[in-house]
Structures are given as structure tokens and as C-alpha cells.
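Take a look at the structure set out below.
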Amino acid sequence: MSNKFVRNLFLVTAFALTTSLPGEDIAGITINPGTVIGPVNQMIFGNNVSCLQRNDSWTHSNNTGNGVWNPVTHTARKDFLLLYQEMGVKTVRYPSGSDANTYKWTDFVGPKEIRPRGLFGLDEWLSWCRELGATPVFTVNENATPEEAADLVDFLNGPADANHPWARKRAAWGHPEPYNVIWFELGNECYFSKKLFPTGAAYRDWAMKIDQAMKVRDPKICTGLVVKFNWGGDAREWNESVFKSAKTYGDFAIHHTYPNAFDGNKYEDQESAMAALLMGSGQWAALYRKINADIKQWSGRDFPVAVTELQGYWPEGKNKAFNYYLYSWGNAFFYGDLTREMLMPSNHVNMAHYFQATGIQLKPVVDSAVRNGKETAWKRLPAFFVSRLWGQHTGTEILAADVTAPLVKIKWFGIVKAAECPAVAAIASRRNDGTICLMVFNRDMKNDIPVTIRVKGKSIGEAKCWQVTSPSLVYANPDNTDMETISGAAVDGVKPEGFTVKLPKFSMTAFEISISGK
């Protein structure tokens, strides 16, 4: 292994370790409170909510939003709402994923008596977003006509007058004020719909018409255009066709990030599969920058990237020996470290939505309780604790941080390239009261890493620590224990000039640091 060190202003690009660190190597983090990188984008802390209508077996999801809504009392489930608030969810995408492809919005509005298979509809979703304090993001059905999409905008945002018949219906059904929804995705992974969109040009022609029709009804809305996820290679025709014409339509680019989306039979072993997750965040951040730069060159406009689905991915049953992958700490760790990258303005990400809370972050102890509206205990999976750490220990503005860490070499695995990469990554932010929040990731698969933390030009008063660890990268929290092994403990040995702590292997740690004599 290399003994070289790397410095990188603001943050270190994150990769997994496949070799161990020598005991004498110490990482260092120096926070520069005098340099503000930009505001913390709360839209990075998002999630997806399902509304499935594929067949009768999924009716409960149409009626409950897969657990967030009580169809009996017609109110938000308090148990689930509290968990979402605990995770700090600030934006919610609906209907989730491929569910949007069959979602006809007119079946999900109006008196609940006329939609017994759609009790969690547009009004319920938006009511739930308001109660949660989250910004709504809606995915338009790829089968929608321009008129249907325009009527949707009318229903959501139009004034209830004679010129806006769908807005008048909204008012008659109990909501006279417009919802003022801003964010709309034009389809979901439309490149998989070969009959509708055999080429990128076909999708472009549809998206142009939808964009124009919707913005006639409300010019304030923003629309997203679908990126074919691997960007280069066989995705070139799609992406160039869509975005070289985007001089007058579309406002952001939609990317779904699944770093290990390849045949599960290619997995060598659990360690290699987990290493691929730990490696990925920096390479995906580089891809976001390239997407933004290419589109700007083609269209002359700045298209931020909306990562409206993300997680480490799984082999979808192709190799059942690797079903552990979806619920694992390694998958959750990738999500946490990618969040760090997406918060940096230089990576051009304007929103992100984890896929998704129900089933991958939270599981009901009693499945039937979700269907019948009864309150139930929820099993917290590893990704829940990642969201909770971000949601509770992030400030309002990002500060510069100079990170020094040992370099290690990583192997090529799947679609993650070989590279020489740093062992530790961090991002600093500051709250309005002056408290500095620091999130630190140790990606070493085998060893703890000591790290010394300083604040440039300031004297540290005290520091507290919250930490999520796991007995292994494949651990899925089967006993529903609290994976936050340290919760607000005072850090020992804090001096005005800094402090040194030892970070456990593959751990995620939040520090809150107060400054003396502010």
C-alpha cells in the first residue's frame, strides 16, 4: 500500500479501501470557518413515496403511499411521519419510479368515495408534504398527452376561476388555494420504454411538447429531462438528442444513480461487492460534473443534475446469494458518502431522493398494519441511521475543509474504475448559532483510523460526537437495534487547538464543535 498522503481543499473525493492502513498513519481535517462554499441545499435530503397501481394486489399502496397514509382516518400516519421527520426528509418525489408510468393523475383526485383504489392521491400526498415540511417533486406519466400534463398544472397551480376548470374542481373538493408545485420530471427512465421512445429523438419530441404545454399554464414551473444513466457509449444518441436541443425547454437533468447495476453473477464475493459500494461516490460526483458541463456546452444553459433515485443497487434476484446487498450497511454507507458529494455546489446537484424509505430504510413489523391503517412498530434498516445522522447534524452553510489522508489503491470492480484514493472524507457546515457540524467517513474495510481535527484561526471550546457503526459491511440490522453507537457524547481531550479521535472502520461520524470566544 502507498504511504503517500493527499490534500484537497473543501473535501476529499471518496473511495473504498481494499488494503489496510499502517498504524502510524494519521488523517487530519482543518476546518476554515472564514471560507463559505455556499448554502446547504436542503433538497439533497429527499425520498421517494410509492403509489402503485399495477394490479389488485397493490391496492394497499395506492391507498397508503406504502405506509405513509392512514386510509381509514384519511390522515398521515403519525408513526411514519415521526420517522421521516427524524430522518430530516425535505423533499418527496411521487409517484415513485416506474409507478409513474402507469399513474393517471385524474384517477387520484376528487372525493375519496369515487376512488376506492386511489385514496393516497395528489391532495393526500401534498397534504403529507406540508405536514412533513417537504418540497414536492412530481413525475409526469410518460404516456401523458400535452393536454393531460397541462391540466395537471392547472389542477395544482391554477387560480380557481372560469378559465381554469381543473382548479375550480380542486376548490370544490376542498382546496381553494393553489398548491404551487414547482418541480416536475418529464417521465421516469423513459429509455426503457422502447415502443414509446425507441430513440432519444423520440423522447425529445414528446418532452418538448409536454414542457411547452405545462409552462403555458404556469411559466414558473421547472421541468426535468431524462438522462440515460451511463451517459457515454450506447447512451450517446439519447443524451445528445435530448440535450443538444435543450436551448428552449427543460430546466434540469434527471439522473438515477445505481453504481453496481450489473449482472449479480459477476460478484466475486461479499468483500468485493461491498468495496464497490465504498468506492463509488467520488466517481459519480465526477459524472455529475461531466453531465452538467456537456449539457452546458451543447445547449448554452446551466442544467443542474437531479438525482431522483439513488442507492447502491442490487442484482434483482439474478444471484440470490447476494440478496444481502440491498439492505446492507455497505449500501447505506454509499448513500451517506454520496450525500456528502451531492451537497458540494461544485458537483451541480440540485436535488436528490433516496430510493426508498419503505422497504429499504424502514420495514413494518406487521405487514398487514400498512394495509389497514393500524399503527405498528417499524424496523429500522441501516440506511435509516444514515439519513438520521445527516438530518440532525447538518448546518445551513458549507465551510471549506482541508482534509489530509493516506492514499490507497483500489481495484477495478464492475463499473467502478481502479484508482489511487484517499482513506478519509469529510464535509463541514455551520449553523446559524455558530456551531460547526462536521461529517466524517472512514472507508477502511479493515482498520480504525486516527484523525486530528482543527478549526483554522479559532479556539475550540467543546465537541460532541454521534457515530453510526456496524459489525460488518453486510450487516442488515436484523434485531432492529440502534446502530448509532455514540449519541451526543462529549469528545475527550479537546484542546483549543484541536483534538484527535479514532474512527472505527467503515464508520460515519458527526461532530458538533463549539468555538470559544465567538
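Under a 5 Å amide H cut-off, with hydrogens placed 1.01 Å from N, residue 308 pairs with 255, 353 among residues at least 5 apart or on other chains. 3J(HN,Hα) along segment 131-140: 5, 6, x, 10, 7, x, 10, 10, 9, 6 Hz, from the Karplus curve 6.51 cos²θ - 1.76 cosθ + 1.60 with θ = phi - 60°, whole Hz, x for Gly and Pro. Taking amide H as placed 1.01 Å from N in the peptide plane, residue 120 has its amide H under 5 Å from the amide H of 63, 64, 65, each at least 5 places away in sequence or on another chain.
As an exercise, identify the chymotrypsin sites (Phe, Trp or Tyr not before Pro) in segment 413-496 lying in DSSP coil whose Cβ has no more than 16 other Cβ atoms within 10 Å. For chymotrypsin sites (Phe, Trp or Tyr not before Pro) across segment 413-496 that sit outside H, G, I, E and B with at most 16 neighbouring Cβ atoms in 10 Å, the list is empty. Its Cα centre serving as origin, segment 42-392 has a Cβ charge dipole (Lys and Arg +1, Asp and Glu -1) of approximately 180 debye.
Using only alpha carbons, segment 42-392 has a radius of gyration to Kirkwood radius ratio (Rg to Rh) of 0.95. For segment 149-244, the equivalent ellipsoid derived from the Cα gyration tensor has semi-axes of 33, 11, 11 Å, listed largest first. Across segment 496-508, rounded Karplus estimates of 3J(HN,Hα) from the backbone phi angles (6.51 cos²θ - 1.76 cosθ + 1.60, θ = phi - 60°) give x, 8, x, 7, 10, 10, 9, 8, x, 4, 5, 10, 10 Hz, Gly and Pro being marked x.
Can you list the HN-Hα couplings for segment 176-185, worked out from phi with the Karplus curve (6.51, -1.76, 1.60; θ = phi - 60°), rounded to whole Hz and with x for Gly and Pro? Result, ordered by residue: x, 7, x, 7, 6, 6, 9, 9, 9, 8 Hz.
Restricting the calculation to Cα atoms, every distinct pair contributes to the Kirkwood radius of segment 93-157, found to be 12.4 Å.
Summary of the geometry: segment 210-246 and segment 144-192, compared by the centres of their Cα atoms, lie 20 Å apart.
Under 5 Å from the amide H of residue 508 lie the amide H atoms of 468, each residue being 5 or more positions distant or on a separate chain, with H modelled from the backbone and absent for Pro and chain starts. Once the chain from residue 489 to residue 195 is taken as fully extended at 0.36 nm per residue, the excess over their C-alpha distance is 100.1 nm.
Values quoted throughout were computed directly from the atomic coordinates according to the rules given, and no laboratory measurement underlies them. No experiment lies behind these values; they were computed from the predicted model shown. All Cβ positions, even for glycine, are placed from backbone atoms using ideal geometry, and neighbour counts span all protein chains on display.
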